[in-house]
């Protein structure tokens, strides 16, 4: 028998066809495995890189948070010191009398400006003066009053040189 006759036999043709299909399938699987292995290595490298970035970011955030905590603690300490200093300064002898005289002086100035009915106007002026002094004890007015003592008591000082207030 010749080799061509063996090749023409249906069993041999089926066997050759099956081997060709198996070879193509094996080649396709082999290529897919290589491609997947490359993708896995690439993704693992990306994962390592991203974990490195994440660790760096977490370290930066931790340092920033520590810095903010230290700053907050320092501000709290300064705030407490300032509160104690303010309480001490306000508790000094004569401070309450000085404050009351400032309120009264401001009220008298306002009263001179608004003189139609003395009693209601006096009470209104006294309340306004107290509110003004309260506002002056905190914030910008207090700072201005400390830096420039002649300013900062409000509208009452602005008219102190006028002839109406020297009666």
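Bear in mind these aren't lab numbers, they're just calculated from the coordinates by the rules spelled out. Since this is a predicted model, take the numbers as computed values, not measurements. Cβ coordinates were reconstructed from backbone atoms using ideal geometry, including for glycine residues, and neighbour counts include every protein chain displayed.
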> Using 1/(1 + (r/R0)^6) with R0 = 25 angstrom and r between the beta carbons of residue 7 and residue 36, what's the FRET efficiency to the nearest 0.05?
Replying inline: 0.10
> Expressed as a whole number of Å, what is the distance separating the alpha-carbon centroids of region 1-22 and region 30-93?
Replying inline: 71 Å
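What is the fewest-to-most order of 40, 103 by other Cβ atoms lying within 10 Å of their Cβ? Kindly include the intermediate steps, with their values, before the conclusion.
Details: 40 10, 103 20.
So the ranking, lowest neighbour count to highest, is 40, 103.
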